[in-house]
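Notes follow the structure.
Readers should treat all values here as calculations from the given coordinates under stated rules, not as data from a laboratory. Everything numeric in this text was worked out from a predicted model, so none of it was measured. Note that each Cβ is placed from the backbone with ideal geometry, even for glycine, and that neighbours are counted across all protein chains shown.
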Amino acid sequence: MILKDKINEDLKSAMKSGDKIRLETIRSIRALILEFEKSGAGKELNAEEEIKLLSTAAKKRKDSIEQYRNAKREDLASKEEAELKILQEYLPEQLTEEEIFNEVKKLAANIGASGKEDFPKLMPQVMKELKGKADGKLVKSAVEKILGIN
């Protein structure tokens with residue numbers, strides 16, 4: 001089932017159940033999809049584009065959580081966390097730090113990356129491989145750790 005259809009089905013379920021946060025979150029995803037379709041980019045909404053949209057939305061939630069926590073607004077942070085949880089249901093399973101580290105290690109060995117001068121070679125390769133499966137900050141720290149940067 002493509003994302004748009006799944007979202008429409010889940011939207012109906014959320015309306016029936018009365019779960020306001022779920023309803024708001026699903027509506028925001030639906031709005032992102034509609035915005036993409038009407039953008040005139042001439043692209044089809046494929047699996048890669050879906051992951052990109054959802055990852056961007058999830059990243060915004062994570063940033064908001066951090067900002068709200070810094071401002072001592074736990075009420076708003078918990079709302080964002082609930083929305084993030086819902087968004088993650090539509091994203092591929094996220095890798096753990098250990099799994100990310102092992103993937104980065106494997107890719108570094110494949111391309112012969114060993115020092116900090118190899119960062120520009122390794123980072124794009126890793127991000128391409130782990131797109132949608134891992135948080136960019138965790139990937140960057142794993143790459144830096146393996147290349148001995150810090």
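Structure summary
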| read-out | value |
| --- | --- |
| Computed helical MRE - 222 nm, the chain, DSSP H runs ≥ 4 contributing -39500 (n - 2.57), nearest 500 | -25000 deg cm²/dmol |
| Three-way shape label, region 97-147, alpha-carbon gyration tensor, a/c 1.5 | prolate |
| Calculated from backbone phi, Karplus (6.51, -1.76, 1.60) coupling profile of region 19-28 in Hz, x at Gly/Pro | 7, 5, 5, 4, 4, 4, 5, 5, 5, 5 |
| Unit charges at the beta carbon, dipole of the chain: most positive-side option, 104, 2, 23 | 23 |
| Charge dipole (debye, nearest 20) of region 97-147; +1 at Cβ of Lys and Arg, -1 at Cβ of Asp and Glu | 140 debye |
| Sequence-distant residues sharing a close amide H with residue 132 (under 5 Å, placed H) | none |
| Principal-axis tilt of helix 119-130 within the chain, Cα atoms, nearest 10 degrees | 40 degrees |
| Trypsin sites (Lys or Arg not before Pro) within region 95-150, DSSP loop, no more than 15 other Cβ atoms inside 10 Å | 131 |
| Helix 97-111 axis, angle to the chain major axis (alpha carbon atoms, nearest 10°) | 50 degrees |
